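The values are calculated or read from the model by the stated rules, or taken from the named source; none is laboratory data. From a predicted model like this one, the values you see are computed outputs, not experimental measurements. Using ideal geometry, Cβ is built from the backbone for each residue, glycine included, and neighbour counts are taken over all protein chains shown. For accessibility, only protein heavy atoms count, side chains too; no ligands or nucleic acids. Shrake-Rupley method; radii C 1.70, N 1.55, O 1.52, S 1.80 Å.
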Amino acid sequence: MEHKVAIGDRVDQVCVTCGEERGHIVASVSKAGKITRVSCPICNSRVPYKGGATRPTATKTGAPYDRTRTYRRGQTMLHPNFGEGEVTAVIESGKIDVLFADRMRRLVHANA
Ligand SMILES: [Zn+2]
């Protein structure tokens, strides 16, 4: 089954810089719809997409997402709509980027 990929989608790949398998963000897609480059949200390295090794990595389960809570990079959460996610960046006060199983989303936090 072909899944149409788009820039911003999530794919799992081993990051050479981080030294572990993690979700990467699709950075470029060829005309044929194949992923050509991905970027690691943790170290920001942009690497060619290796492909193949996609498997769900449900190793850690985060606490339910709570917008009043203050998150840090690397924390995991369980969102009621998007599922398991990992905080990849704190953007500015009150905003975080979270990598979910399908793509990156921007959420609010520390919103008491
Ligand atoms: Zn990395």
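Some values worked out for this structure:
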quantity: Leading residue by the ranking (modelled with the highest pLDDT) among those in the stretch 50-82 that are under 19 Å from Val5 (Cβ atoms) and open to solvent by less than 60 Å² (accessible area, probe 1.4 Å); calculated: Gly51
quantity: Search result, residues across the stretch 70-112 that are in contact with a strand residue (DSSP E or B) (Cβ under 8 Å, 6 or more places away or on another chain), not in a strand (DSSP E or B) and not aromatic (Phe, Trp, Tyr); calculated: Arg72, Arg73, Gly74, Gln75, Pro80, Gly94, Ala101, Asp102, His109
quantity: Residues of the stretch 83-112 that turn out to be open to solvent by 60 Å² or more (accessible area, probe 1.4 Å), closer than 23 Å to Cys43 by Cβ and more than 12 Å from the chain's Cα centre (by Cα), as a count; calculated: 4
quantity: Contacts under 6 angstrom Cβ, first residue in the stretch 18-33 being in contact (Cβ under 8 Å) with a residue 12 or more places away in the chain and of a type in the set (Ser, Thr, Tyr), partner more than 16 Å from the ligand (Cβ to nearest atom) and open to solvent by less than 50 Å² (accessible area, probe 1.4 Å), 6 or more apart; calculated: none
quantity: Residue in the stretch 4-20 that is closer than 15 Å to Arg103 by Cβ, touching a Gly at 6+ places or on another chain (Cβ under 6 Å) and within 16 Å of the ligand (Cβ to nearest atom) present; calculated: yes
quantity: Filtered residue count, the stretch 64-74, keeping only those that are within 12 Å of the chain's Cα centre (by Cα) and polar (S, T, N, Q); calculated: 0
quantity: So Val47, is it within 14 Å of the ligand (Cβ to nearest atom), of a type outside the set (Ser, Thr, Tyr), modelled with pLDDT under 85 and more than 14 Å from Arg103 (Cβ to Cβ); calculated: no
quantity: Count of residues meeting criterion [within 14 Å of the ligand (Cβ to nearest atom) and part of a strand (DSSP E or B)] in the stretch 21-44; calculated: 9
